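Participant: Structure incoming, see below.
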Amino acid sequence: MSDPIQFPLAAVVGAEDLKLALCLTAIDPKIGGVLIEGPRGMAKSTLARGLADLLGEGPFVTLPLGASEERLVGTLDLDAALGQGKAQFSPGVLAQADGGVLYVDEVNLLPDTLVDLLLDVAASGTNRVERDGISHRHAARFVLIGTMNPEEGELRPQLLDRFGLNIALEGLPPPQARQQIIRRRLAFDADPQGFCAHWAEAQAQLRQRCQAARQRLEAIALDDQALSWITERCFAAGVDGLRADLVWLRAARAHCAWRAGQAIAQSDVEAVAEFALRHRRRTPPEAPQSATSPGATGTQGRHDDGGQGNDGALPAQPVASGARREVPNWAKKP
């Protein structure tokens with residue numbers, strides 16, 4: 001049985017910030033995944049599946065509701081270990097997601113211990129299963145996408161901080177945008193193959209742009225000037241720990257690669273500021289961010305400014321060691 005045809009990411013109306021965050025995570029999975037906040041019915045899984053397409057051939061795996069720890073990490077057969085002298089491992093969700101995307105809906109409703117385990121593996125890229133002195137480890141490198149409805153419960157700050165980027169889906173689209181969403185949804189439902197064929201070129205351009213950005217990523221220095229901008233802002237925001245600084249720096253570099261830049265500019269730092277600070281900020285921002293209307297196709301957002309920031313402030317120097325924003329709604333998943 002073939003997988004169902006997915007709504008192309010390039011055809012999604014609006015949601016520019018979320019699409020950008022997903023693309024940045026595809027460019028550099030070390031950013032640490034994306035946590036999407038918002039009410040039900042906002043097609044969060046549609047965009048998450050679009051990220052899997054940008055990553056290439058990797059799987060898209062959904063953590064089942066009510067999954068146990070064994071279902072998540074896998075199990076070891078002790079009888080087989082005693083009889084055959086080796087551990088027999090039955091893979092869980094983490095093993096199935098290796099090389100792709102792990103989508104966790106309503107992550108705030110999972111037990112904290114399960115969320116903590118999930119985030120540990122996402123950060124390390126390795127899953128280790130132990131039982132009665134027998135252990136097994138395997139690669140589990142995936143991009144973690146979590147969703148939550150804050151009205152149904154919050155995540156502890158310690159767990160929120162473990163997600164690299166955070167996006168809020170709030171507000172209602174204006175009537176004209178709602179009409180465009182409905183028209184595209186109806187066109188997709190009527191002829192999924194024809195709809196995807198119509199958007200194939202735009203989707204291919206988006207995929208190629210992410211792939212090109214991945215290739216140029218390592219050539220962009222994590223320089224001292226960008227680090228100075230970010231650490232000062234993190235200090236002013238009163239964030240705990242240093243994860244925000246590292247995530248923000250990686251996201252700014254990914255944004256530089258996304259716009260085909262050669263060095264991190266202040267515009268790159270500003271473009272991803274809310275993504276990194278939203279769920280970590282303890283001090284309110286000094287000034288509200290101005291909103292920008294999203295585009296129709298979503299392949300180009302307001303962050304594509306060609307890097308027209310303070311590009312020439314200081315020469316890049318290598319580093320020795322390696323407020324909520326409203327985003328419009330879009331087409332609902334079937």
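The values are calculated or read from the model by the stated rules, or taken from the named source; none is laboratory data. Model, not experiment: these values are computed from the prediction. Methodologically, a virtual Cβ is constructed for each residue, glycine included, from the backbone with ideal geometry; neighbour enumeration extends over all protein chains shown.
Participant: Evaluate segment 13-25: report whether one residue or more is in contact with a strand residue (DSSP E or B) (Cβ under 6 Å, 6 or more places away or on another chain) and under 22 Å from residue 190 (Cα atoms).
Facilitator: No; the residues of segment 13-25 include none that is in contact with a strand residue (DSSP E or B) (Cβ under 6 Å, 6 or more places away or on another chain) and under 22 Å from residue 190 (Cα atoms).
Participant: Looking at segment 140-153, is at least one residue modelled with pLDDT of 85 or more, part of a loop (DSSP other than H, G, I, E, B) and more than 25 Å from residue 275 (Cα to Cα)?
Facilitator: No, segment 140-153 contains no residue that is modelled with pLDDT of 85 or more, part of a loop (DSSP other than H, G, I, E, B) and more than 25 Å from residue 275 (Cα to Cα).
Participant: Also: Which one is nearest to the chain's Cα centre (by Cα), of the residues in segment 34-51 that are surrounded by fewer than 24 Cβ atoms within 10 Å (Cβ to Cβ) and small (Gly, Ala, Ser)?
Facilitator: 45
Participant: Shifting gears a bit: Determine whether residue 188 is surrounded by fewer than 17 Cβ atoms within 10 Å (Cβ to Cβ) and among the aromatic types (Phe, Trp, Tyr).
Facilitator: Against the criterion (surrounded by fewer than 17 Cβ atoms within 10 Å (Cβ to Cβ) and among the aromatic types (Phe, Trp, Tyr)), residue 188 does not qualify.
Participant: For segment 210-232, name all the residues that are of a type in the set (Asp, Glu) and part of a loop (DSSP other than H, G, I, E, B).
Facilitator: Hit for segment 210-232 is 218, nothing else.
Participant: Out of the residues in segment 233-286 that are of a type in the set (A, V, I, L, M, F, W, C) and assigned to a loop (DSSP other than H, G, I, E, B), state the one that is nearest to residue 206 (Cα to Cα).
Facilitator: So, considering only residues that are of a type in the set (A, V, I, L, M, F, W, C) and assigned to a loop (DSSP other than H, G, I, E, B), the one nearest to residue 206 (Cα to Cα) is 260.
Participant: Additional query: Does residue 263 satisfy the criteria of being hydrophobic (A, V, I, L, M, F, W, C) and loosely packed, with under 12 Cβ neighbours inside 10 Å?
Facilitator: no
Participant: For segment 158-181, check the following and say yes or no: at least one residue is surrounded by fewer than 19 Cβ atoms within 10 Å (Cβ to Cβ), over 21 Å from residue 43 (Cβ atoms) and out of contact with any Lys or Arg (no Cβ under 9 Å at 6 or more places or on another chain).
Facilitator: Within segment 158-181 (the criterion being surrounded by fewer than 19 Cβ atoms within 10 Å (Cβ to Cβ), over 21 Å from residue 43 (Cβ atoms) and out of contact with any Lys or Arg (no Cβ under 9 Å at 6 or more places or on another chain)), the answer is yes, since at least one residue qualifies.
Participant: Which pairs turn up if I take residues in segment 4-26 that are within 23 Å of residue 179 (Cβ to Cβ) and look for partners that are among the aromatic types (Phe, Trp, Tyr) and surrounded by fewer than 24 Cβ atoms within 10 Å (Cβ to Cβ) with beta carbon separation below 7 Å, at least 6 apart in sequence or on another chain?
Facilitator: Within 7 Å, the pairs are 7/188; 8/199; 10/199; 11/199.
Participant: In addition: Please identify the pairs in which a residue from segment 134-147 that is under 26 Å from residue 106 (Cα atoms) has its Cβ atom under 7 Å from the Cβ atom of a residue that is aromatic (Phe, Trp, Tyr) and not in a loop (DSSP other than H, G, I, E, B), counting only partners at least 6 apart or on another chain.
Facilitator: Going by the 7 Å Cβ cut-off, the qualifying pairs are 145/103.
Participant: Then there is this: Between residues in segment 201-225 that are within 14 Å of residue 252 (Cα to Cα) and residues that are aromatic (Phe, Trp, Tyr) and in a helix (DSSP H, G or I), which pairs lie under 7 Å by C-beta distance while being six or more apart or on different chains?
Facilitator: The qualifying pairs are 213/258.
Participant: Here's a follow-up. Modelled with pLDDT of 85 or more, in contact with a helix residue (DSSP H, G or I) (Cβ under 8 Å, 6 or more places away or on another chain) and within 17 Å of residue 121 (Cβ to Cβ): is that true of residue 20 in this structure?
Facilitator: For residue 20, the condition - modelled with pLDDT of 85 or more, in contact with a helix residue (DSSP H, G or I) (Cβ under 8 Å, 6 or more places away or on another chain) and within 17 Å of residue 121 (Cβ to Cβ) - is not met.
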